[in-house]
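I have placed the structure first, in the form of structure tokens, so that the comments after it can refer back to it.
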Amino acid sequence: MNENLIWEIRVFVYRHFARMTRPPRVEETASHFSMTHEQAVDAYKELQRRHALFLIPGTHDIQMAWPFSGVETPFKVRANDKTYFANCAWDSLGIPAALHTDVEIEAVCAQSGDAIQIQVTGQQISGSDALVHFLVPFQNWYDDLPFT
């Protein structure tokens, strides 16, 4: 597949997430690029191979296009009157960077179960003194990406 097309599809995925708060389905990508279903599936697989997105195992549905999650998670990010889901605490801070906007983040501490609320305003974080701990070292994230 054309190298430029692969990256155009990646941009389409991100713009779709930003606009719709969910990833595009294979059919939407195929339609947008006037390609077959199989070509769109191949593009998604290639983007996953390049670690540009992650598909729900056993499907062709996008689970992650960092920092966006295609499935509900405990990390809700409200921006521009929309609710996005982040894959983890780190990605919840990536959404305001990706959207270039202020956000409110609602999360739950995995250890205590306590609610965490954070605001990002003008690129400044406020509302909580919570710390983020990464249980899995970065070099092992792809061993079990959904767990990480």
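Here are a few things to note about the model shown:
- Taking the criterion of being assigned to a loop (DSSP other than H, G, I, E, B) and polar (S, T, N, Q), the residues of the range 113-148 that qualify are GLN123, SER128, THR148.
Yes/no matrix, rows are residues, columns are (1) in contact with a helix residue (DSSP H, G or I) (Cβ under 9 Å, 6 or more places away or on another chain); (2) under 26 Å from LEU99 (Cβ atoms); (3) among the β-branched types (Val, Ile, Thr); (4) without any contact (Cβ under 8 Å) to a residue 12 or more places away in the chain:
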{"site": "GLU8", "(1), (2), (3), (4)": "no, yes, no, no"}
{"site": "VAL11", "(1), (2), (3), (4)": "no, yes, yes, yes"}
{"site": "GLU28", "(1), (2), (3), (4)": "yes, yes, no, no"}
{"site": "HIS32", "(1), (2), (3), (4)": "yes, yes, no, no"}
{"site": "LEU53", "(1), (2), (3), (4)": "yes, yes, no, no"}
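- Test: residue in the range 91-112 that is touching a Gly at 6+ places or on another chain (Cβ under 9 Å), closer than 20 Å to LEU53 by Cβ and outside any strand (DSSP E or B): no
- Test: residue in the range 34-49 that is surrounded by fewer than 15 Cβ atoms within 10 Å (Cβ to Cβ), assigned to a helix (DSSP H, G or I) and at pLDDT below 95: no
The values are calculated or read from the model by the stated rules, or taken from the named source; none is laboratory data. Model, not experiment: these values are computed from the prediction. For neighbour counting, all protein chains shown are included, and Cβ atoms are generated from backbone atoms with ideal geometry for every residue, glycine included.
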